[in-house]
Amino acid sequence: MLTKVRVNLANPLELLELPGVGQREVEAILKFRAEHGPIRDADQLTAILGGRPFPETFSERADFSPADATAPEAPGA
């Protein structure tokens with residue numbers, strides 16, 4: 001099972017693990033995050049990258065949770 005890559009927290013090397021993401025895409029993602037904040041979803045990312053579609057396997061690996069999202073507390077905590 002492949003681990004998810006948190007698009008809004010990932011460093012450049014982690015972003016390169018996503019199918020269809022190369023250096024140019026990494027630079028655009030980092031620039032957008034710095035200027036506008038978290039990326040909402042794959043549709044917004046597609047728009048940021050000029051409309052280029054991603055491979056089908058991209059959605060299996062990408063997690064668009066906001067950077068400030070935290071894991072839920074354990075029951076009884």
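Applying the condition of being touching a helix residue (DSSP H, G or I) at 6+ places or on another chain (Cβ under 9 Å) and of a type in the set (A, V, I, L, M, F, W, C) to region 38-60 and asking which residue is modelled with the lowest pLDDT yields Phe54.
Only residues that are touching a residue at least 24 places away in the same chain (Cβ under 8 Å) and assigned to a loop (DSSP other than H, G, I, E, B): list them for region 54-65, please. Phe54, Pro55, Thr57, Phe64, Ser65 - these are the residues of region 54-65 that are touching a residue at least 24 places away in the same chain (Cβ under 8 Å) and assigned to a loop (DSSP other than H, G, I, E, B). Taken over region 41-53, the criterion of being under 16 Å from Ala10 (Cβ atoms) and either open to solvent by less than 30 Å² (accessible area, probe 1.4 Å) or part of a helix (DSSP H, G or I) (or both) is satisfied by Ala42, Gln44, Leu45, Ile48. Within region 1-40, the residues that satisfy the criterion of being touching a strand residue (DSSP E or B) at 6+ places or on another chain (Cβ under 8 Å), open to solvent by 30 Å² or more (accessible area, probe 1.4 Å) and touching a residue at least 40 places away in the same chain (Cβ under 8 Å) are Lys4, Arg6, Glu17.
The values are calculated or read from the model by the stated rules, or taken from the named source; none is laboratory data. Quick caveat, the model's predicted, so the values are computed rather than measured. When we count neighbours, we look across all protein chains shown, and the Cβ atoms used for this are built from the backbone with ideal geometry, even at glycine. Just so you know, the surface numbers come from the protein's heavy atoms only, side chains and all, with ligands and any DNA or RNA stripped out. Shrake-Rupley method; radii C 1.70, N 1.55, O 1.52, S 1.80 Å.
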